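Here the structure comes first, spelled out in structure tokens, and everything after it is commentary.
All of the numbers you see were taken from the coordinates with simple rules; none came from a lab. No experiment lies behind these values; they were computed from the predicted model shown. Quick reminder, even Gly has a Cβ in these numbers, built from the backbone with ideal geometry, and neighbours come from all protein chains shown.
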Amino acid sequence: MNRNISKALWTLGSLVGAQQAAKFARSVGGVEWNDLLGVVGLERRPSAFSRTLPALGLVAVSAAVGAGVALLLAPSSGEDLRARLSDGLDDVKNRLDDVKGRVNEKINDKIGTFEQHHTSNSTS
């Protein structure tokens, strides 16, 4: 048999097998795609977001540690240093509260959109 035909049939058989496995997984219910992929030695590629978020967190923590070390090593009196640290911590707290409020608003918007979509689909 021609090698190209053999490859095409092999690929077609793999696709049909994967479709049948997906149908079986849906009927079983508790099986996920990652389980099926793990059986054949594969895994899903992580999203760009899941790869960059830890890196951004590391950069943020490193920046905070560097800022703290710079404050501690800068020549100033103890009273001035404590005042600057207190002001800096208050500023960080305010920024975190702002970010928390924006995230909560976005989450509530998404929940509202989902609920509207869900109720409009269930009534039609």
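Here are some notes:
- Of the GluC sites (Glu not before Pro) in region 38-124, the ones in a loop by DSSP (not H, G, I, E or B) with at most 16 other beta carbons within 10 Å are E43.
- Using R0 = 35 Å, the C-beta based FRET efficiency linking A67 and K106 works out to 0.80.
- A convex hull fitted to the Cα coordinates of region 44-124 yields 98 cubic angstrom per residue.
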